[in-house]
Amino acid sequence: SHARLGLYGSIGMASSLLGLSIFAERLVPALVLIALLGACAAIIGIPMQTAIQEETPEAMRGKVFGLQNNAINIALSLPLALTGVAETFLGVHVVFLGLAVLVVAGSIFTWYISRTGSIEP
């Protein structure tokens, strides 16, 4: 199911980021972990795109995907800038560890929503 793939992908992403926080200065392990990170991101992204395509009426798909593309491009700018600043002040190990924690928190939140159908307690 889509929710299960998302959970597995999130676990893989968090594990990869945790590994990168440990092996950031070793080339081969870092490259393997980055490849794993990308694969796990695809495990999350592909089912999400599929769900959006299945739930969006055909007449609205162009508008929905255009808006989604713009939102993604805008939403990526600030985190990229903040990550660079955070790395300068905190170091690469702490930044990767913090990203792993954010992925775990996001996956728990997403899992909760998929189980209950809402964000209401």
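Any read-out appearing in this document is the output of simple, stated calculations on the displayed coordinates, not a laboratory observation. Since the structure is predicted, the reported quantities are computational estimates derived from the model, not experimental observations. Note: ideal-geometry Cβ built from the backbone for every residue, glycine included; neighbour counts use all protein chains shown.
One table, with the values for the structure above:
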read-out: Extended-chain gain in nm, criterion 0.36 nm per residue less alpha-carbon gap, residue 115 and residue 39; value: 24.9 nm
read-out: Least to most buried among 96, 23, 65 (fewest other Cβ within 10 Å first); value: 65, 23, 96
read-out: Dipole in debye (nearest 20) - the chain, about Cα centre, beta carbon charges: Lys, Arg +1; Asp, Glu -1; value: 100 debye
read-out: For segment 60-121: rounded, prolate or oblate by the Cα gyration tensor [a/c cutoff 1.5]; value: oblate
read-out: Over the chain, equivalent-ellipsoid semi-axes from the Cα gyration tensor in Å; value: 29, 17, 15
read-out: Highest-fluctuation residue, 11, 52, 44 considered, GNM on the chain with Cα pairs under 10 Å; value: 52
read-out: Ellipticity estimate at 222 nm from DSSP helix runs (n ≥ 4, -39,500 (n - 2.57)) divided over the chain, nearest 500; value: -31000 deg cm²/dmol
read-out: Per-residue ³J(HN,Hα) for segment 54-59, Karplus 6.51 cos²θ - 1.76 cosθ + 1.60, θ = phi - 60°, Hz, x for Gly and Pro; value: 5, 8, 8, x, 4, 5
read-out: Inter-probe distance in nm under a simple model that places probes 7 Å from Cα toward Cβ, at residue 55 and residue 25; value: 4.5 nm
read-out: Least to most buried among 21, 114 (fewest other Cβ within 10 Å first); value: 114, 21
